[in-house]
Ligand code: TXA
Ligand code: MG
């Protein structure tokens, strides 16, 4: 079924109201956040939530994040909320921190893919919180890409993947952060980062009293976070990690934080804000390969490294990955 997808302007209050009316009616609307664009539906409308899985092509066992306008909304969604959750929210919300808590029974189980836990966050953009409040209840919002594609950091990216399949996109321009929120599981001891993001483990340590460990695939390959087993963040163009420029084939795209000049390869800056945009540009322009130059500053940025590594392993067989020290 094809729908005309409205392009709404977040700086126009009438358009924000229009987006809220569509959400309230059970439609899917792509919403801006400080991290990436999300594909929103009312949390208490299980048919709309199911439609999200369908239009994204998302596996039904990968749970969604509930986006709340206020801290008191969180009490609608989660139960047995530990005091440390409120201290974390006081310090980091609104902002790019998602907390995994115990799910309240009133939340449809499809939201968290049947898990007894639920992920919640309060987005930083004021217009997004206003939209959620106008819609009348919190909204689920996975990143607004087709499953497996890079997350959208511009409204155009959402149209590229989902135009014709959703009711509207609320455009607030490019996302300020450009990679997804940090997901912290508070239902386990010690609290564990299930997805690194803009808020670092050292920042969380100020409140937790310890640096939360980052969950990794176990030796058996069993995923710790439900979303970790899926192909992620990957352009169609193969992504390679490299520490030296010499092996890079002519015509390839090189993403780097250092200044380089070459008439053999195309060099573009590597930042959190522009990584996904560059991935999508490479696809549109049919470059043969993307090489990401792994300098010490890139390696030190765990959230950025996480996205680059996932894109790389998603786009090639493990034995094609150039060896790295
Ligand atoms: O920045 C963000 O978090 C963006 C914007 C739109 O808010 N959203 C986002 O959603 O990245 P999504 O669905 O693309 O990623 C959600 C991640 C997945 O890795 C999922 O497995 C994890 O959060 N997650 C959700 N609920 C969970 C739960 N109950 N337990 C463990 N992990 C959960
Ligand atoms: Mg996603």
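The values are calculated or read from the model by the stated rules, or taken from the named source; none is laboratory data. This structure is a prediction, so every number in the text was calculated from the model and none was measured. Positions of Cβ are backbone-derived with ideal geometry, glycine not excepted, and every protein chain shown enters the neighbour counts.
Per-structure values
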| item | result |
| --- | --- |
| Some residue of region 71-89 being part of a loop (DSSP other than H, G, I, E, B), within 20 Å of the chain's Cα centre (by Cα) and on the phi > 0 side of the Ramachandran plot | no |
| Residues being in contact (Cβ under 8 Å) with a residue 40 or more places away in the chain and over 21 Å from the mean Cα position of the chain (by Cα) - total across region 103-115 | 3 |
| Test for residue 49: is it in a loop (DSSP other than H, G, I, E, B) and either within 16 Å of ligand 2 (Cβ to nearest atom) or under 22 Å from the mean Cα position of the chain (by Cα) (or both) | no |
| Residue check, residue 169 buried (at least 22 other Cβ atoms within 10 Å of the Cβ) and more than 13 Å from the chain's Cα centre (by Cα) | yes |
| Pair list, Cβ < 9 Å and 6+ apart or interchain, from region 34-45 residues that are free of Cβ contacts under 8 Å to residues at least 12 places away in the same chain to residues that are surrounded by 24 or more Cβ atoms within 10 Å (Cβ to Cβ) | none |
| Meets criteria (touching a strand residue (DSSP E or B) at 6+ places or on another chain (Cβ under 9 Å), more than 14 Å from ligand 2 (Cβ to nearest atom), in contact (Cβ under 8 Å) with a residue 12 or more places away in the chain and part of a loop (DSSP other than H, G, I, E, B)) for residue 173 | no |
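Rundown of residues vs (1) within 16 Å of ligand 2 (Cβ to nearest atom); (2) at pLDDT 95 or above; (3) assigned by TED's automatic domain parsing to the domain that holds residue 120; (4) on the phi < 0 side of the Ramachandran plot, yes/no style:
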site: 179; (1), (2), (3), (4): yes, yes, yes, yes
site: 185; (1), (2), (3), (4): no, yes, yes, yes
site: 203; (1), (2), (3), (4): no, yes, yes, yes
site: 254; (1), (2), (3), (4): no, yes, no, yes
